[in-house]
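Bear in mind that the values in this text are calculations on the coordinates, not laboratory data. Everything numeric here is computed off the predicted structure, so don't read it as measured data. Note: ideal-geometry Cβ built from the backbone for every residue, glycine included; neighbour counts use all protein chains shown.
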Amino acid sequence: MSILSRPRLLLLALLAVGLYHFAGPRISLFAPVELAQGDVGGGGGGGDHSTGSLGAAKALKDGRRTISKRTVAVADLHGDLEHALNVFRMASLVSSTSESWIAGHDTLVSTGDIVDRGDDTIKLYRLFRSLRMQSKQAGGEVRNLVGNHEVMNALGDWRYVTKGDIESFGGAAARRTAMSTQGWIGQEWLRDYNVTTTVPLLPPDHPGLPKGYTPPSASFVHGGITPAYAERGIDEINRIAKSLLRKGLDEERPSGWLPPDTTPEEQAVWSESGPLWYRGYATEDEPEACRIAEKATSALGVRHLVMGHTPHFDGFVMRCPSAEILLIDTGISRAYGGEQSALVIDFELVPLPSSKQDGDRGHGKQELWRETETLSALYRGRKPKVLKRLERDLWL
């Protein structure tokens, strides 16, 4: 590619993204701190992250140990295996020479839109299937979510499917079979994927947790969860959305539109205010977005709302005083040419020495702990950036 052609290509790409950015679903009438590379740790590459959820740190004299866990999130891989592996390796999730899970007890969350815009649909879904199994054996986990593009493909809306992707399946008919209730991808979507998930930032059943302590959680979704949907709860959101997904996958000749037997609640979940398409946390001005987020986080019982869907090519967008909103779609795929990125949430509960005087001050038999959460952005070829560090001392 010549030097002169690069700006033109970038302009065309941005125009294309802009057109899609403001598109909605098809519905029928029926404070940052930069750190040097390596200061933001990876799982399995040294340190305690690969075994952190087991409390491998040195114990205090009273037997208490530091308990830590790492949660990594990626968004919108859009058919690009090479860039996905770049991100996973950068985050020390998989080996630098293979596709082996090396992240121990870490949790990886993919917020959907694995499909479309690139040719590597089969390879990416097979990779995630393998990582789900490998991580489970290591004591970690991979949580997969569907995005609007997974549901679009189920409905037969293939506007963003590439020729190379169709050829990789052996043709359009074979691709549709794979993305049906009888096919391996369709079955995985129904069995192994959700629309939203809530991830505790420490294992709630860890035996070393202080009595009565509940670790904070983060909510993950592709588009965004409004307060109205938050009040319904994640089980209800997943039930409705997966009912729609199943109907799309079950159609013999999908039209690209909602199936004729779509219910009103399924139409609503597929609307612009539904969890697969909602962009308000990205598009509203910050005071209004944070007001909405406060209601949603309260209803969900979470500390953060993490979502993809709306691309920001220069890096993650963090909004609100305690990072209640985290927008992590940076256009990882070569279809966009944005940042190859991963969000890392490092969480630690550290026991602190306490004295007799502390007991005399009314703490009784309670013990002192320090809760520390560090939200970091990893970008390929750039220094990691600490987005936010939250810390508080607790008597437990």
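List of remarks:
- Near pairs, Cβ below 7 angstrom, 6+ apart or cross-chain, from the stretch 289-304 (more than 17 Å from ALA73 (Cβ to Cβ)) to any residue that is in a strand (DSSP E or B) and charged (D, E, K, R): ALA289/ARG319; CYS290/ARG319
- Set side by side, the residues THR297, THR310 differ, and just one is out of contact with any helix residue (DSSP H, G or I) (no Cβ under 7 Å at 6 or more places or on another chain) and of a type in the set (S, T, N, Q), which is THR297.
- Test result for ASP76, part of a loop (DSSP other than H, G, I, E, B), surrounded by 24 or more Cβ atoms within 10 Å (Cβ to Cβ) and either of a type in the set (Asp, Glu) or in contact with a Cys (Cβ under 9 Å, 6 or more places away or on another chain) (or both): yes
- Applying the condition of being out of contact with any helix residue (DSSP H, G or I) (no Cβ under 8 Å at 6 or more places or on another chain) and of a type in the set (D, E, K, R) to the stretch 160-175 and asking which residue is farthest from THR310 (Cα to Cα) yields GLU167.
- Residue within the stretch 246-255 that is crowded, with 17+ Cβ neighbours inside 10 Å and under 19 Å from the mean Cα position of the chain (by Cα) present: no
- Output for the stretch 312-323, where each listed residue is surrounded by fewer than 24 Cβ atoms within 10 Å (Cβ to Cβ) and not in a strand (DSSP E or B): HIS312, PHE313, ASP314, GLY315, CYS320, PRO321, SER322, ALA323
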